[in-house]
Number of protein chains: 2
Amino acid sequence: MARPGVELIRRQQLIDATLKIIEEYGFQGATIGKIAGASGLSVGIVSHYFGGKQGLLEATMRYLLSCLQQDVSTLMAGRPNTPRERLMAIVDANFSGVQTHAQSAKTWLAFWTQAMHSPDLMRLQRINERRLLSNLMSYLRQLMPADQVRPTAQTIAAMIDGFWLRAAMSEGRIEPGQAVALCKTYIDQAIQANNGAS
Amino acid sequence: MARPGVELIRRQQLIDATLKIIEEYGFQGATIGKIAGASGLSVGIVSHYFGGKQGLLEATMRYLLSCLQQDVSTLMAGRPNTPRERLMAIVDANFSGVQTHAQSAKTWLAFWTQAMHSPDLMRLQRINERRLLSNLMSYLRQLMPADQVRPTAQTIAAMIDGFWLRAAMSEGRIEPGQAVALCKTYIDQAIQANNGAS
DNA sequence: TTCATTTTGTTGAACGTGTATTCAATTTGA
DNA sequence: TCAAATTGAATACACGTTCAACAAAATGAA
């Protein structure tokens, strides 16, 4: 065991190759052979480090989710600590980094679809969903009546998902800036509409 | 040729079976064998009537889109002819009928994902997308400044897609009524926000 | 009506392709 | 020299397609 990090390196190589291949060929076309080829390793290595194809796919989704999580943390750090600014940071994070390119949107969509029929992936998906929702709600609570908080958060979450979908569909020429702007416009509208009495 | 409708009957049998199997097993698990079994017919019949699996899948998506189209027309017919009411009817239509059940949402998601890597399905998807958008825009144009029309329509479309996604995820207990209400709330907020000067 | 003939509709076993997995052999590095 | 790491050909399985054979229905002649 020369380098104790060999395993981590190999695992990341395979995850990177998996993302690349899914982007190019879709979930169906992502075979062990192609992934191994793209990673410069052999087909046998997959079973060795991940126990099989399913394990590799789950690890890849876990990786994507952790990237998203990190984007949120990073963008939060550099913003003023007002509820509105925090909400805007969440929106930015959800369209930044890994999420920016149409390719990534496609990959997310592929994983979502796969999650429908895989309890493990579904569980990961749900955790992520709950985190986004409770994040949004904690800031909205400071900006509007309590009974408006949950519906507004659900609407924002639906908008984010919806724009991702459209990004995945629009084949290359996606404009995350526009999606971000529209989400932000909605947030301001919602804040204003629920404070109109003041 | 006693019944000239035999072909239509068989085609619909196979399409119905395809929907059922995709709901249960997902796109990946939808094999010719399972579909044929569910329809009570043999595997050979698929190639006979649809030329192959791909043809059956395309016909099934075409059928789903036509159902949606019909829902829109039906709900339009029984509403007052004001722009706002028409917009609400579009929202209702997109969450009614076939779209109501979580199962259908799963099937839609499966087709969307598949469309990423199939030009034919992508074309169908685009046509549907454009129809929804231009529909929304034609009514929004009567309710707000011209430069707000397109962004607002895109936001509504994203919300509808987003709620579909969440419906697909929420495994059974979906509440289309809530999604409809939230979409309608947004529409009224948007109308109000863009006419505040009056 | 009855039976033969043709046309149409249907079957499912056989085939070929593609893929995940396995594991004995090989290489690598300390 | 040994143990860890890696290979990739061999294996087994699942799936879509094909097509020769079969069944059903329609036609037409007696």
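The values are calculated or read from the model by the stated rules, or taken from the named source; none is laboratory data. These numbers were taken from a predicted model, which means no experiment stands behind them. Heads up, the Cβs are rebuilt from the backbone with ideal geometry, glycines too, and the neighbour counts pull from every protein chain shown. Each accessible area value is taken on the protein alone, full model and side chains, heavy atoms only, with ligands, DNA and RNA left out. Shrake-Rupley method; radii C 1.70, N 1.55, O 1.52, S 1.80 Å.
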Step by step: first the residues of segment A:44-58, then only those that are closer than 14 Å to A:Gln13 by Cα, touching a helix residue (DSSP H, G or I) at 6+ places or on another chain (Cβ under 6 Å) and in contact (Cβ under 8 Å) with a residue 40 or more places away in the chain, then the one that is least open to solvent (accessible area, probe 1.4 Å). Which residue is that?
A:Leu56
Output the number of residues of segment B:8-20 satisfying the condition of being of a type outside the set (S, T, N, Q) and closer than 15 Å to B:Glu58 by Cα.
6
For segment A:76-95, which residues satisfy the criterion of being buried (at least 17 other Cβ atoms within 10 Å of the Cβ) and either assigned to a loop (DSSP other than H, G, I, E, B) or modelled with pLDDT under 90 (or both)?
A:Phe95
Quick one: B:Leu41 ticks every box in (1) without any contact (Cβ under 8 Å) to a residue 12 or more places away in the chain; (2) on the phi < 0 side of the Ramachandran plot; (3) open to solvent by 40 Å² or more (accessible area, probe 1.4 Å) except a single one, so which number is it?
(1)
Check whether at least one residue in segment A:19-26 is away from DNA strand C (no atom under 11 Å from the Cβ), out of contact with any Lys or Arg (no Cβ under 8 Å at 6 or more places or on another chain), closer than 27 Å to A:Ala93 by Cα and free of Cβ contacts under 8 Å to residues at least 40 places away in the same chain, and report yes or no.
yes
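Results for (1) within 14 Å of another protein chain (Cβ to nearest Cβ); (2) more than 12 Å from DNA strand D (Cβ to nearest atom); (3) within 19 Å of A:Lys106 (Cα to Cα); (4) of a type in the set (A, V, I, L, M, F, W, C), shown as yes or no for each residue.
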position: A:Arg11; (1), (2), (3), (4): no, no, no, no
position: A:Ile32; (1), (2), (3), (4): no, no, no, yes
position: A:Gly51; (1), (2), (3), (4): no, yes, no, no
position: A:Ser66; (1), (2), (3), (4): no, yes, yes, no
position: A:Met76; (1), (2), (3), (4): no, yes, no, yes
position: A:Arg79; (1), (2), (3), (4): no, yes, no, no
On the given criteria, is A:Gly33 open to solvent by 20 Å² or more (accessible area, probe 1.4 Å), out of contact with any helix residue (DSSP H, G or I) (no Cβ under 9 Å at 6 or more places or on another chain) and assigned to a helix (DSSP H, G or I)?
yes
